[in-house]
Amino acid sequence: MYDVRIKGTCLIAGVWTKTNIYIEGETIKEVTKTVFAAKQTIDAKDALVIPGIIDPHVHFELDLGFIKSVDDFYSGSVAAVHGGVTSIVDFLAPVDNAEDLVKAYEKRCALAEKSVVDYAFHATIKDPKDDLEVFVKTMKTLDMHTLKLFTTYSDSNRRTYDKEIIELLKLSDRYDIVILAHIENDDMIVIEEDMTYRDLPRSRPPESETTEALKLAGFVENYGGTLYMVHLSSGNTLSALVERYPKIMHKNFLIESCPQYFTFTTDVLDKENGELYTFAPPLRSEEERKRLFELAHEIDTFGTDHCAFMKADKRNRKLKDMPLGIGGIEHSFNVMYRHLGDSVIDRMTESVARIHRLKNKGALKAGYDADLFFFEPEDGVRLEGNHGTSDYSVYEGLKGKGRITHTMIRGTFVLDENGFHERKGKRIKGGKNDG
C-alpha cells in the first residue's frame, strides 16, 4: 500500500494526462492510470498538477557590504512555497581562492538550514588569485557543479577577465561543470555621481549586454566548454546570439531570463515609485521586450534573480548608493505562465534540474522526489499576497492565470487548504538525472 495517491490532470513528459501519482515517503514510486491502494487519496479536481518549480537564481541574505537583501532563507523560502517553488539555487559569496571557497560554502550551508524548500548552491568566483583547476576540483568535492563569474563590477574586484574565462571554459569540459556568467561589458558601464535610478538604462545600456554576450559566445565556439548566461534582459541580445551563434545555442551556450524583463519596460522608471523597479541588468525598451517574446523559445530557463529590499532602501538615494534588486519568487510562475503558457513549465522545472545538475528534481517521474503543486486556472485573477519580508512586490495587482492552492515538497504538503505548514528543506544532491 502506498502512502499517498494524487489523482488529477498531471503534466507528464510535457503532456497533460489524467492519471495517478503514487508516493511512498519522499519519493514518487509510480505514475499510472491504474488504481492501487493508498493510505490517503487526494483528488486535485479541476487543478493542474505540475512539477515543483525550481528557481535557479536567488539571492537570500545577500550581503552587499552596505546593506543586505531582506529575505533570509526562511522568509524567502516561505514566499517560494506560496509560488509553487519547491527548490532554489542560491550563490556562495564571491571568492578568489579555493580555501576561501570552502569557508564560503560552510557559511552558506549554515544560513540555509532555515530554508523551508530544498536548496543547492552555485560557487562564485571573483578576479581569481588561485590555480583555477584547484578551485574547480574543490567545488566538485563539495558537490557543486556550477560556477558563477562576473564580467563587470571591476570597481569591487568581482570581475573575472577574459584569460581566466577562457581557462574556466576549458575546465568546464574537463570536469563537467557549467560556467554561469553575469554578462555586461564593464567598459561600457558608467555610474556618475549625480545619476539617479532614472539613469539606469544609460548607466548600463543594452549594448553592454549584447557586445559582451557575443564575445563570450565566441569564446565558447572557439575554446569549448558550457556557458550559461544569467538574467538576459534584452531581446536585441537574444536576436544577435541566435543570428551569430546558432550552432551552440541550447547546447554549449545556455540562456536564462527573468519575469521582470517580460513584464516591464523602462517606462516604469518614470513612475512616481520608479525606484522600486531597479535591478541589474536594468529594464529595456518596449521594442526589446517585444523581441524577447518573439524569441522566447530560444530561452532555456527562467529564474527570478530574487533579491528583495524594502521601499525605504530604494528611496532618496543616488544610483551609486542604491541597492539593485527586487523580489519575485512568489509570483514568478504565475507571471510567466500568463506570458508563455504551458511552454514555460519545462523551463522552470526539468530543464533547470538538467542544466544545474539537481538530482531527482524537476519532473513527475518514478524515482524522483515528490515535489509538485496544484494550480487552479482562472483567467483575469489578480496576483496578491507577499509572504516574504519586503514591504512591496512589483507584481502584486497584475493579472495572473490562476491560483496556487497546494505545494508538496518530498511527499509532504507545505501549503494546502489549511494554509502553510512548517518543514525543513535539505541540500539537493548533485548529479545528472537518468534520461
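The values are calculated or read from the model by the stated rules, or taken from the named source; none is laboratory data. Computed from a predicted model, the values in this text were never measured in an experiment. Using ideal geometry, Cβ is built from the backbone for each residue, glycine included, and neighbour counts are taken over all protein chains shown.
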So, in the stretch 128-153, exactly how many residues are farther than 16 Å from residue 104 by Cα and within 24 Å of the chain's Cα centre (by Cα)?
4
Look through the stretch 252-288, keep the residues that are within 17 Å of the chain's Cα centre (by Cα), in a helix (DSSP H, G or I) and hydroxyl-bearing (Ser, Thr, Tyr), and return whichever of them is surrounded by the most Cβ atoms within 10 Å (Cβ to Cβ).
261
Quick check on my filter: what residues within the stretch 378-394 are in contact (Cβ under 8 Å) with a residue 60 or more places away in the chain and touching an Asp or Glu at 6+ places or on another chain (Cβ under 8 Å)?
385, 386, 387, 388, 389, 390, 393
Specify which of the listed residues (370, 363, 353) is surrounded by 15 or more Cβ atoms within 10 Å (Cβ to Cβ), in contact with a Pro (Cβ under 6 Å, 6 or more places away or on another chain) and modelled with pLDDT of 95 or more.
363
Yes or no: the stretch 202-219 includes at least one residue that is of a type in the set (A, V, I, L, M), at pLDDT 95 or above, under 19 Å from residue 328 (Cα atoms) and under 21 Å from the mean Cα position of the chain (by Cα).
no
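Could you tell me which of the residues 186, 270, 176 is in contact (Cβ under 8 Å) with a residue 24 or more places away in the chain, farther than 24 Å from residue 124 by Cα and of a type in the set (D, E, K, R)?
270
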I'd like the full set of residues that are closer than 19 Å to residue 208 by Cα and either of a type in the set (Ser, Thr, Tyr) or crowded, with 22+ Cβ neighbours inside 10 Å (or both), limited to the stretch 289-302.
292
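Identify the residue in the stretch 27-63 that is surrounded by fewer than 23 Cβ atoms within 10 Å (Cβ to Cβ), of a type in the set (D, E, K, R) and closer than 29 Å to residue 104 by Cβ and, among all such residues, is farthest from the chain's Cα centre (by Cα).
Going through the stretch 27-63, the residues surrounded by fewer than 23 Cβ atoms within 10 Å (Cβ to Cβ) turn out to be 27, 29-48, 59, 61-63.
Within this subset, residues satisfying the condition of being of a type in the set (D, E, K, R) are 29-30, 33, 39, 43, 45-46, 61, 63.
Narrowing the set further to residues that are closer than 29 Å to residue 104 by Cβ leaves 61, 63.
On the way: 61: 16, 63: 18 Å.
Across the stretch 27-63, the extreme among qualifying residues is 63.
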Kindly provide the set of residues from the stretch 418-434 that are among the small types (Gly, Ala, Ser), free of Cβ contacts under 8 Å to residues at least 60 places away in the same chain and not in a strand (DSSP E or B), ordered by number.
none
For the stretch 303-327: of the residues being at positive phi and modelled with pLDDT of 95 or more, which is surrounded by the most Cβ atoms within 10 Å (Cβ to Cβ)?
305
Those residues that are buried (at least 18 other Cβ atoms within 10 Å of the Cβ) and outside any helix (DSSP H, G or I), I need them from the stretch 202-240; list them, please.
204, 205, 225, 226, 227, 228, 229, 230, 231, 232, 233, 234
Quick test of your reading of the structure: residue 80 fulfils all but one of (1) part of a loop (DSSP other than H, G, I, E, B); (2) under 21 Å from residue 417 (Cα atoms). Name the failing condition by number.
(1)
Would you pick out the residues in the stretch 177-225 that are within 29 Å of residue 249 (Cα to Cα) and either of a type in the set (Asp, Glu) or outside the structural domain of residue 270 (by TED's automatic domain parsing) (or both)?
184, 186, 187, 207, 209, 212, 221
Condition (residue is touching a Lys or Arg at 6+ places or on another chain (Cβ under 6 Å) and crowded, with 20+ Cβ neighbours inside 10 Å) applied to the stretch 64-73: is it met by at least one residue?
yes
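Which one is farthest from residue 252 (Cα to Cα), of the residues in the stretch 300-330 that are hydrophobic (A, V, I, L, M, F, W, C) and out of contact with any helix residue (DSSP H, G or I) (no Cβ under 7 Å at 6 or more places or on another chain)? Working first, answer last.
Quick first cut of the stretch 300-330, residues hydrophobic (A, V, I, L, M, F, W, C) only: 302, 307-310, 312, 319, 322, 324, 326, 329.
Next, only the ones that are out of contact with any helix residue (DSSP H, G or I) (no Cβ under 7 Å at 6 or more places or on another chain) stay: 307-310, 312, 324.
Working: 307: 28, 308: 31, 309: 34, 310: 38, 312: 41, 324: 29 Å.
Among those residues, the one meeting the criterion is 312.
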